[in-house]
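The values are calculated or read from the model by the stated rules, or taken from the named source; none is laboratory data. As the structure is a prediction and not an experimental result, all values here were calculated from the model. Don't worry about glycine lacking a Cβ; one is built from the backbone with ideal geometry, like all the others, and counts go over all protein chains shown.
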Amino acid sequence: MTGAAFAPPLLYSRCWEDDAVLRRGLEVTPGERVLSIASAGDNTLALLLDDPGEVIAVDRNATQLALVELKMIALRELVLPDCRRFLGAEVATGEWRRRTYARLRPSLSERARGAFDRRVATLERGVLGAGKLERYLTLFRRAVLPLVQTPGTVRAMLTAPDLATQQELWDRRWDNARWRALFRVFFGRALMSRLGRDPAFFAQIGEADVAESLLGRSRRAFTTLSVGENPWLVWILTGRTLPPTYLSDAFAPLIRSRLDRVTLLESDLDTVTGGPFDAFNLSDCLEYLTADASDALLRRLCDLARPGARMLYWNLLVPRDGGRLRDRLDPLDTSDLHAADRVFFYDRVVLERAAPVPTKTR
Ligand SMILES: C[S@@+](CC[C@H](N)C(=O)[O-])C[C@H]1O[C@@H](n2cnc3c(N)ncnc32)[C@H](O)[C@@H]1O
């Protein structure tokens with residue numbers, strides 16, 4: 001059996017974290033070195049807008065790294081509308097996408113070819129819908145949403161002119177008993193751990209009622225964020241992609257000109273070397289770890305941090321932060337960042353600044 005047979009699954013084909021929050025929080029300045037969880041690549045690429053000297057995009061999942069590479073090569077070698085069509089942000093035939101992959105293939109590494117030669121059908125459908133989470137949310141859009149909201153209600157929510165109209169719509173039509181009941185089943189632990197997420201994610205959650213927490217956060221989404229302008233909500237509700245930053249007319253050219261600053265690294269965060277770094281995008285990785293392991297990882301990352309370096313990460317369902325490392329990490333206020341977070345399902349954003357390494361006293 002070849003190594004490719006063991007290629008890990010594609011968990012995410014888009015980043016489910018708000019790149020605007022990440023960039024505002026990390027405040028990367030020209031020339032800085034960044035360590036960024038690769039994931040689906042969108043946020044790592046968006047960080048290039050802040051002119052870092054180098055971004056190390058790390059992931060322990062080789063297929064995620066292959067996806068980031070595919071996005072980077074597509075961005076480098078295709079004109080922007082073709083890049084959007086190839087990835088699946090805009091319509092194209094499967095045949096055209098297959099031919100375009102054949103054109104890009106010579107520029108890809110062995111790892112990326114290994115991942116995508118065996119996923120040609122996925123590429124034909126557009127890779128942006130192919131992650132485990134995206135397939136789960138597509139199932140929600142196709143099988144659940146039509147049972148709980150009429151097309152007219154969905155359209156009204158997407159075109160509401162202001163938040164007051166959204167709030168009224170939520171109260172009068174959206175937040176009905178069927179919505180709550182089916183939401184609880186679909187976003188409950190049992191179904192999500194089988195179909196939507198890496199089961200390892202649920203190991204640290206304990207007894208928390210996952211569906212109830214997410215239901216509360218959906219209320220925040222529909223009543224405090226502009227639904228029609230929110231790329232994540234628009235995609236969940238309609239399957240239409242509002243171009244993410246790295247595919248947008250306004251920002252893609254600058255990102256493209258800086259792609260050579262990204263290095264892809266297959267590694268666990270635990271074993272990364274090569275500091276010092278000035279900024280860290282840690283996604284919500286700490287939540288997969290026990291509290292002790294999370295502390296140990298943060299301590300290790302502090303050893304790779306320049307004094308004053310920023311670390312940003314999200315908590316979805318498990319509270320994790322550097323509270324037991326206050327000699328190494330100073331917390332910064334993130335209430336504004338959380339309020340502005342367009343990816344509505346997080347409980348909080350954590351932003352901490354690395355303190356100078358403490359001098360030992362004997
Ligand atoms: C943490 S996941 C979460 C994505 C998104 N926040 C969500 O919850 O839907 C993002 C990426 O982190 C990678 N990852 C998780 N823990 C990691 C670790 N300790 N070291 C390296 N990569 C890790 C996963 O392989 C995945 O590609």
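Of note:
- Looking only at residues in segment 199-229 that are within 16 Å of the ligand (Cβ to nearest atom) and modelled with pLDDT of 85 or more, the one that is surrounded by the fewest Cβ atoms within 10 Å (Cβ to Cβ) is Ser213.
Per-residue answers, yes or no, for (1) of a type in the set (Val, Ile, Thr); (2) within 21 Å of Ala40 (Cβ to Cβ):
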site	(1), (2)
Ala200	no, yes
Ser213	no, no
Asn230	no, yes
Ile255	yes, yes
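- Residues located in segment 85-119, provided they are of a type in the set (D, E, K, R) and under 23 Å from Glu266 (Cα atoms): Arg105, Glu110, Arg111, Arg113, Asp117, Arg118, Arg119
- Qualifying residue in segment 304-314 (condition: touching a Phe, Trp or Tyr at 6+ places or on another chain (Cβ under 6 Å), away from the ligand (no atom under 13 Å from the Cβ) and in a loop (DSSP other than H, G, I, E, B)): yes
- Number of the condition not met by Ser107 [criteria: (1) polar (S, T, N, Q); (2) under 22 Å from the mean Cα position of the chain (by Cα); (3) surrounded by fewer than 22 Cβ atoms within 10 Å (Cβ to Cβ)]: (2)
- In summary, Cys83 fulfils each of the numbered conditions (1) within 16 Å of the ligand (Cβ to nearest atom); (2) more than 17 Å from the chain's Cα centre (by Cα) with the single exception of condition (1).
- Selection of segment 247-287 for residues being within 15 Å of the ligand (Cβ to nearest atom) and part of a strand (DSSP E or B) yields Thr263, Leu264, Leu265, Glu266, Phe277, Phe280, Asn281.
- Tyr288 meets the conditions (1) at pLDDT 95 or above; (2) out of contact with any Gly (no Cβ under 6 Å at 6 or more places or on another chain) in every case but one. The failed one is (1).
- For segment 14-72, the set of residues classified as more than 10 Å from the ligand (Cβ to nearest atom), touching a Gly at 6+ places or on another chain (Cβ under 9 Å), among the charged types (D, E, K, R) and in a loop (DSSP other than H, G, I, E, B) consists of Glu32, Asp51, listed by residue number.
- One residue stands out among those in segment 167-198 that are assigned to a helix (DSSP H, G or I) and of a type in the set (S, T, N, Q): the one that is farthest from the ligand (Cβ to nearest atom), which is Gln167.
- Qualifying residue in segment 87-98 (condition: in contact (Cβ under 8 Å) with a residue 60 or more places away in the chain and within 15 Å of the ligand (Cβ to nearest atom)): no
- Asp260 satisfies every condition listed in (1) in contact (Cβ under 8 Å) with a residue 24 or more places away in the chain; (2) surrounded by fewer than 19 Cβ atoms within 10 Å (Cβ to Cβ) except (1).
- Of the residues contained in segment 329-337, one or more are found to be part of a loop (DSSP other than H, G, I, E, B), farther than 17 Å from Val34 by Cα and more than 11 Å from the ligand (Cβ to nearest atom).
- Across segment 9-22, the number of residues qualifying as over 18 Å from Leu225 (Cβ atoms) and of a type outside the set (A, V, I, L, M, F, W, C) comes to 3.
- Test: residue in segment 75-87 that is aliphatic (A, V, I, L, M), touching a strand residue (DSSP E or B) at 6+ places or on another chain (Cβ under 9 Å) and closer than 29 Å to Pro276 by Cβ: no
- Considered as a group, the residues in segment 2-11 that are within 16 Å of Ala112 (Cβ to Cβ) and either within 10 Å of the ligand (Cβ to nearest atom) or in a loop (DSSP other than H, G, I, E, B) (or both) include one that is modelled with the lowest pLDDT, and that residue is Thr2.
- Evaluation of Asp295 against the conditions (1) more than 15 Å from the ligand (Cβ to nearest atom); (2) in a helix (DSSP H, G or I) shows that the sole unmet condition is (1).
- Against the numbered list (1) out of contact with any Leu (no Cβ under 6 Å at 6 or more places or on another chain); (2) at pLDDT 95 or above, Arg189 comes up short only at (2).
- Considering the conditions (1) more than 16 Å from the ligand (Cβ to nearest atom); (2) part of a loop (DSSP other than H, G, I, E, B); (3) surrounded by 20 or more Cβ atoms within 10 Å (Cβ to Cβ), Arg326 is excluded by exactly one of them, (3).
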